[in-house]
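The values are calculated or read from the model by the stated rules, or taken from the named source; none is laboratory data. These figures come from a predicted structure and were not determined experimentally. For neighbour counting, all protein chains shown are included, and Cβ atoms are generated from backbone atoms with ideal geometry for every residue, glycine included. Just so you know, the surface numbers come from the protein's heavy atoms only, side chains and all, with ligands and any DNA or RNA stripped out. Shrake-Rupley method; radii C 1.70, N 1.55, O 1.52, S 1.80 Å.
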Amino acid sequence: MTSALPPEGTVAHPYVFAGSGSAERDRLLLLARLLDPLHQRALRAAGLRPGQRCLELGSGTGTIAGWMADQVGPDGHVLATDINLSFLRDLRRPNLSVRELDVLTDELPRDAFDVITCRALLHHLPRWESVVERLARALRPDGALVLIEPDASAAVFAGPEHQRFWSAWCRWGQTEGIDFRLGRRLPRAVERSGLDLRDVTMEVPFYTGDSAWGRLYRSTVEAARPSRTSWSGPGLLADFERLSGRTTHPTCSFGWVAVRARAGREATSVRSR
């Protein structure tokens with residue numbers, strides 16, 4: 001995701017989790033299993049219904065895009081997009097299309113979609129606030145935007161050793177152009193885009209080392225190993241492996257912030273003035 005210029009004074013980095021092998025597919029499927037219920041609830045609350053035209057950015061393995069296609073029915077349509085279509089090639093629905101798209105550089109049509117959504121995408125992007133503005137302009141009048149992003153501030157509820165690791169993880173993320181604390185900043189960015197903020201929720205999963213959430217975070221840390229040279233402290237990964245292996249009491253790291261907003265009923269040309 002480095003085809004667009006990052007903010008002045010920062011360094012562009014390739015997408016850290018850009019693998020296309022079975023391990024990355026398994027990681028994304030596990031993430032989908034854990035976050036799809038939250039995502040589906042937010043989309044239902046946003047008014048997803050038959051006949052709508054929908055866009056999902058960063059569709060990953062396509063679980064939400066496929067579910068949305070089932071909800072909008074034969075008179076609706078879902079466009080599933082990603083910069084890597086490796087895990088979307090088998091996604092088949094008569095009312096669903098798949099397209100390679102980089103939201104940083106590729107054009108989005110104005111006033112085109114009733115529902116736009118993305119999950120765990122914006123925190124990887126430079127100038128993500130401008131992306132939110134572009135999504136707002138791509139909504140039809142009265143269209144809905146649903147965004148879900150992580151916020152690692154929830155790690156304050158964890159023990160000191162876990163807090164130390166996740167604080168270092170966030171610092172490492174900054175060196176890679178990733179903001180793991182973006183969730184708290186989403187609501188204001190959505191309001192600045194001109195949309196009507198309807199609802200903000202945050203779910204904080206507590207987990208043990210052998211739970212599904214524990215496996216997800218271990219696989220995510222494992223996927224980031226090629227970039228570990230910028231981490232603070234030579235024993236940080238070893239500390240995490242030791243901690244995750246003996247986490248029998250519930251702990252936490254990330255909260256997941258879901259933001260739901262709606263466009264005005266007037267035309268986009270009026271909204272964006």
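Net charge near Leu34, counting Lys/Arg +1 and Asp/Glu -1 over other residues with Cβ under 14 Å of its Cβ? Value of the local net charge: +3. Dipole of the range 136-224 (Lys/Arg Cβ +1, Asp/Glu Cβ -1, origin at the Cα centre): which of Val204, Leu182, Val221 lies farthest to the positive side? Of Val204, Leu182, Val221, it is Leu182.
Over all other residues within a Cβ to Cβ distance under 12 Å of Arg215, the charged ones net out to 0, with Lys and Arg as +1 and Asp and Glu as -1. Multiplying the residue separation of Ser130 and Ser86 by 0.36 nm and removing their Cα-Cα distance gives an extension gain of 13.1 nm. In the context of the full set of protein chains, the range 27-85 has a per residue accessible area of 36 Å² (1.4 Å probe). Descending by average beta-carbon neighbour count within 10 Å, the peptides 188-199, 120-131 line up as 120-131, 188-199, the highest first.
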